[in-house]
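The values are calculated or read from the model by the stated rules, or taken from the named source; none is laboratory data. From a predicted model like this one, the values you see are computed outputs, not experimental measurements. Virtual Cβ from ideal backbone geometry, glycine too; neighbours counted across all protein chains shown. The accessibility values were calculated without ligands, DNA or RNA, using every heavy atom of the protein model including side chains. Shrake-Rupley method; radii C 1.70, N 1.55, O 1.52, S 1.80 Å.
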Amino acid sequence: MLVPDLRRLRHHPALTGLARVGLVARGVFYLVLAALSVALVVPGPSPQANANGALRRVAANPAGFALLAAAVVGFLAFAVARLLGALSDERQGVWRRVSTGGQALSYVVLAATTASFLVGKHSTGSEQQQHQEAWKVLGLPFGREILAVAGLILIAVCCWQVWTAVGGDFADTLRTERMSRAMRVVTTTTARIGIPARALAFAPIGVFLVVSAVSGDGSDAKGLDALLMTTARAPLGRVGVVLVALGFVVFAAYSFIEARYRAVESGG
């Protein structure tokens, strides 16, 4: 009886509707992140180009609290939909359902990060917090091993995302039959550019987690803001940062398409 009950729950209109809100929130987040990234290459001070900077930018809006609260609800709903799909969608293979469960966990983290900022922990998602968390992990028994595994998992996930984009597996859970021919072309284009662009932007963070594990220095666990700042100082680095920002914009566009056409109740 459990699996049929889970199937009914994952198809519930309220859950699927809120899960789509989570995808819209993801798109907005990457648009803000793109703007913050571009700000690094223009003269003058700029906020951190990471989760903290994006949260601060949204919070500065008059409707910031409501927007962040909606993002928390949407991320949690999407996480629940992913988890229910992983547990009860028997049409998908085991490994596909395992990856779906991993997505659920990542959106729980997104919801928790946003909620933490919302209740007043304004260092959430900052470069400084990443260093602090790395130092905490290094202080644990087998801390270096834990940090290295975390970095390798992040790298593996990014590689899997690139593979998914290249192989076209992203379309498995899209209702392409509801799309016009032009929309199918736009969807394929944005997915095959946006998904790898995001993955390639975040993969170096995994590399630096491994570096931090090897060196035993939490300050080596560089986040997105530090990586983009370093890139911007290199020859032609500003072009690279702008390309990263454009990749985020394309991924945001794909997120909005997913919000409209994705079968969020699927286990794939």
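Restrict the check to region 115-136 and report whether at least one residue is open to solvent by 20 Å² or more (accessible area, probe 1.4 Å), without any contact (Cβ under 8 Å) to a residue 60 or more places away in the chain, part of a helix (DSSP H, G or I) and β-branched (Val, Ile, Thr).
No, that holds for no residue.
Taking the criterion of being among the aliphatic types (A, V, I, L, M) and closer than 28 Å to residue 55 by Cβ, would at least one residue in region 116-130 satisfy it?
The answer is yes; a qualifying residue exists.
Among all residue pairs at least 6 apart or on different chains, which show Cβ distances below 8 Å where the first residue, located in region 97-112, is in contact (Cβ under 8 Å) with a residue 60 or more places away in the chain and within 11 Å of residue 85 (Cα to Cα) and the second is open to solvent by less than 30 Å² (accessible area, probe 1.4 Å) and in a helix (DSSP H, G or I)?
Close Cβ pairs satisfying both conditions: 97/85; 97/86; 100/82; 100/85; 100/86.
Going by the structure shown, is residue 244 surrounded by fewer than 17 Cβ atoms within 10 Å (Cβ to Cβ) and either over 25 Å from residue 89 (Cβ atoms) or in contact (Cβ under 8 Å) with a residue 40 or more places away in the chain (or both)? Before the answer, list the steps.
On the way: surrounded by fewer than 17 Cβ atoms within 10 Å (Cβ to Cβ): no; either over 25 Å from residue 89 (Cβ atoms) or in contact (Cβ under 8 Å) with a residue 40 or more places away in the chain (or both): yes.
Judged against the criteria, residue 244 is not a match.
Between a residue in region 207-228 that is closer than 27 Å to residue 38 by Cβ and of a type in the set (S, T, N, Q) and any residue that is open to solvent by 10 Å² or more (accessible area, probe 1.4 Å) and modelled with pLDDT under 95, which pairs come within a Cβ distance under 6 Å, given they are 6 or more apart or on different chains?
Partner pairs satisfying both residue conditions: 219/131.
Would you check if residue 156 is open to solvent by 30 Å² or more (accessible area, probe 1.4 Å), in contact with a helix residue (DSSP H, G or I) (Cβ under 7 Å, 6 or more places away or on another chain), closer than 24 Å to residue 227 by Cβ and of a type in the set (Gly, Ala, Ser)? Steps first, please.
On the way: open to solvent by 30 Å² or more (accessible area, probe 1.4 Å): yes; in contact with a helix residue (DSSP H, G or I) (Cβ under 7 Å, 6 or more places away or on another chain): no; closer than 24 Å to residue 227 by Cβ: yes; of a type in the set (Gly, Ala, Ser): yes.
In short, no.
Restricting to region 27-84, name every residue that is under 27 Å from residue 196 (Cβ atoms), free of Cβ contacts under 8 Å to residues at least 12 places away in the same chain and assigned to a loop (DSSP other than H, G, I, E, B).
42, 46, 47
Could you please give the count of residues in region 165-176 that are in a helix (DSSP H, G or I) and crowded, with 19+ Cβ neighbours inside 10 Å?
Selection size over region 165-176: 3.
Taking into account only those residues within region 74-91 that are closer than 13 Å to residue 107 by Cα and open to solvent by less than 70 Å² (accessible area, probe 1.4 Å), which is nearest to the chain's Cα centre (by Cα)? Can you show your working first?
Narrowing region 74-91 to residues closer than 13 Å to residue 107 by Cα: 74-83.
Okay, now just the ones that are also open to solvent by less than 70 Å² (accessible area, probe 1.4 Å), so 74-75, 77-82.
On the way: 74: 13, 75: 11, 77: 15, 78: 12, 79: 12, 80: 16, 81: 16, 82: 14 Å.
Only one residue tops the list, namely 75.
Determine, yes or no, whether residue 60 is buried (at least 18 other Cβ atoms within 10 Å of the Cβ) and small (Gly, Ala, Ser). Walk me through it before giving the result.
On the way: buried (at least 18 other Cβ atoms within 10 Å of the Cβ): no; small (Gly, Ala, Ser): yes.
No: the conditions fail for residue 60.
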